[in-house]
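Peer 1: Before I ask anything, here is the structure I am working with.
The values are calculated or read from the model by the stated rules, or taken from the named source; none is laboratory data. Predicted model only: the values in this text are computed from it and were never measured. When we count neighbours, we look across all protein chains shown, and the Cβ atoms used for this are built from the backbone with ideal geometry, even at glycine. Just so you know, the surface numbers come from the protein's heavy atoms only, side chains and all, with ligands and any DNA or RNA stripped out. Shrake-Rupley method; radii C 1.70, N 1.55, O 1.52, S 1.80 Å.
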Amino acid sequence: MGEQVLAAVRTAPRTTELREYPLPDVPDDAALLQVEVAGICGTDVKMYSRPPFRDPVIMGHENVGVIAHAGARFQERHGLRDGDRVFVEHYVGCFRCEWCHQGEYRHCEATDWRTNPDARRYGYTSAENPYHLWGGFSQYMYLPWNAVIHRVPAGVSAELAGLVTPLSNGIEWALFAAGVGYGASVLIQGPGQQGLSQVVACKQAGASCIIVTGTARDSARLELARALGADHVIDVEEGDALAQVRDVTGGKGVDFVLDCTAGAGVAPVLLGIDALKRREGTLLIQGELAAFPDFPVKKVTEKAVTIKSARGHSYRACELALEQLASGRFPLERLSTHRFGLGDVDRAIRYLGGETDDDVIHISLMPWSEQVAGGGAAR
Ligand SMILES: [Zn+2]
Ligand SMILES: [Zn+2]
């Protein structure tokens, strides 16, 4: 074909270069995605400043686009045709192992870059691998036979579909992992895209008391948390957060704590343990800290706390997220605050990491956007 594809490539810590790759010859069982939106999340901020390996990587793991060219066997296998708008999961499972057979391909070693140097995962895989186009910060992305693809319902824009990943994580962590349901009381720590998505999932599932914490610089996000269904918001820097949680729960504490903070150290977990009800509460934690000095294991066991890990999303969570977006029941479009073009990947990641005074929630990287030099607020 001879055509070239423009991609933003991470070449070193906090360094991005625009590079061209040949448009790949697509085998019969594969396809090419024209990327419309690649969402940026906190993981990108971490991976950008501390890449796990040295190879050049096209980042972008929350990808929405249109099937540009699909081989005949790919069309048959996936039931998709050229022009269909889809959300592509970042996992690329083997579909032979035990996990894949259970539908839990997010645990498959073929897509786990932590233990498998040859893993395929969009946004994490070396661009030196065959077909090169393994991330969404690119005009096109390569879809092998084993890409996991969801059709985007009619009426859901590409930008809105760009929220599937945070929203599916909200559904997965709050509802499937932690078990939030009807009548539950929940403390959600951190009002970023992840925390706000948990608010929506908990509200939809029937939680009766949703409390969201943030800091002084989160005032716009905390206001959005209320618009999405939070019953109480707390500025943890102002007054005694634990006393406020006890106050709004009639002295009992909450059934569930979901930690969606970034860079806050051990404080959210310590507050979470104290804020849980007297017995059998559930705490959902992130893997941000390598170690936890003086972890209060005695208090955790005496309160009979269940600890769950925030770990990706399942197929069902993605489908439910797409349904939620299509329903229009929550003003989720308000999460999409910024758009950037391909030339502004570096700035976009820094914005999400807080290197701006803007109220950033979710950033849509739009590889075909004209905003290659400008970028900025979506509204
Ligand atoms: Zn992400
Ligand atoms: Zn597998």
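Peer 1: Scan segment 186-218 for residues that are touching a strand residue (DSSP E or B) at 6+ places or on another chain (Cβ under 8 Å) and open to solvent by 30 Å² or more (accessible area, probe 1.4 Å) and report the count.
Peer 2: So the answer is 4.
Peer 1: Does segment 122-140 contain at least one residue that is open to solvent by less than 50 Å² (accessible area, probe 1.4 Å), of a type in the set (A, V, I, L, M) and within 16 Å of ligand 1 (Cβ to nearest atom)?
Peer 2: No, segment 122-140 contains no residue that is open to solvent by less than 50 Å² (accessible area, probe 1.4 Å), of a type in the set (A, V, I, L, M) and within 16 Å of ligand 1 (Cβ to nearest atom).
Peer 1: Looking at segment 17-122, what helices (runs of 4 or more DSSP H) fall wholly within it and have at least 2 residues that are closer than 24 Å to LEU167 by Cα?
Peer 2: 42-49, 98-101
Peer 1: Name the residue that is most open to solvent (accessible area, probe 1.4 Å), counting only residues in segment 255-267 that are touching a residue at least 40 places away in the same chain (Cβ under 8 Å) and within 30 Å of ASP44 (Cβ to Cβ).
Peer 2: Applying the filter and picking the extreme gives ALA262.
Peer 1: Considering segment 37-76 alone, what residues qualify as being among the acidic types (Asp, Glu) and over 17 Å from the mean Cα position of the chain (by Cα)? Step through it out loud before you land on a result.
Peer 2: Our first condition is that a residue be among the acidic types (Asp, Glu); within segment 37-76, this holds for 44, 55, 62, 76.
Within segment 37-76, ASP55, GLU76 meet the criteria.
Conditions tested, residue by residue: (1) over 21 Å from GLN194 (Cβ atoms); (2) at pLDDT 95 or above; (3) within 11 Å of ligand 2 (Cβ to nearest atom); (4) acidic (Asp, Glu).
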| residue | (1), (2), (3), (4) |
| --- | --- |
| ASP118 | yes, no, no, yes |
| SER138 | yes, yes, no, no |
| ASN146 | yes, yes, yes, no |
| ALA158 | no, yes, no, no |
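Rundown of residues vs (1) open to solvent by less than 40 Å² (accessible area, probe 1.4 Å); (2) within 16 Å of ligand 2 (Cβ to nearest atom); (3) modelled with pLDDT under 95; (4) of a type outside the set (Phe, Trp, Tyr), yes/no style:
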position: VAL5; (1), (2), (3), (4): yes, no, no, yes
position: THR16; (1), (2), (3), (4): no, no, no, yes
position: VAL26; (1), (2), (3), (4): yes, no, no, yes
position: ILE67; (1), (2), (3), (4): yes, no, no, yes
position: LEU80; (1), (2), (3), (4): yes, no, no, yes
position: TYR91; (1), (2), (3), (4): yes, yes, no, no
position: CYS94; (1), (2), (3), (4): yes, yes, no, yes
position: THR111; (1), (2), (3), (4): yes, yes, no, yes
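Peer 1: Please identify the pairs in which a residue from segment 38-67 that is under 13 Å from TYR122 (Cβ atoms) has its Cβ atom under 9 Å from the Cβ atom of a residue that is open to solvent by 10 Å² or more (accessible area, probe 1.4 Å) and among the acidic types (Asp, Glu), counting only partners at least 6 apart or on another chain.
Peer 2: ASN63/GLU36; VAL64/GLU36; VAL64/GLU159; GLY65/GLU36
Peer 1: Same structure again: Residues that are open to solvent by 30 Å² or more (accessible area, probe 1.4 Å) and within 23 Å of GLN198 (Cα to Cα): which strands (runs of 3 or more DSSP E) entirely in segment 268-379 hold 3 or more of them? Step through it out loud before you land on a result.
Peer 2: Values: elements: 282-285, 306-309, 336-340, 362-365.
Passing ranges, in order: 306-309.
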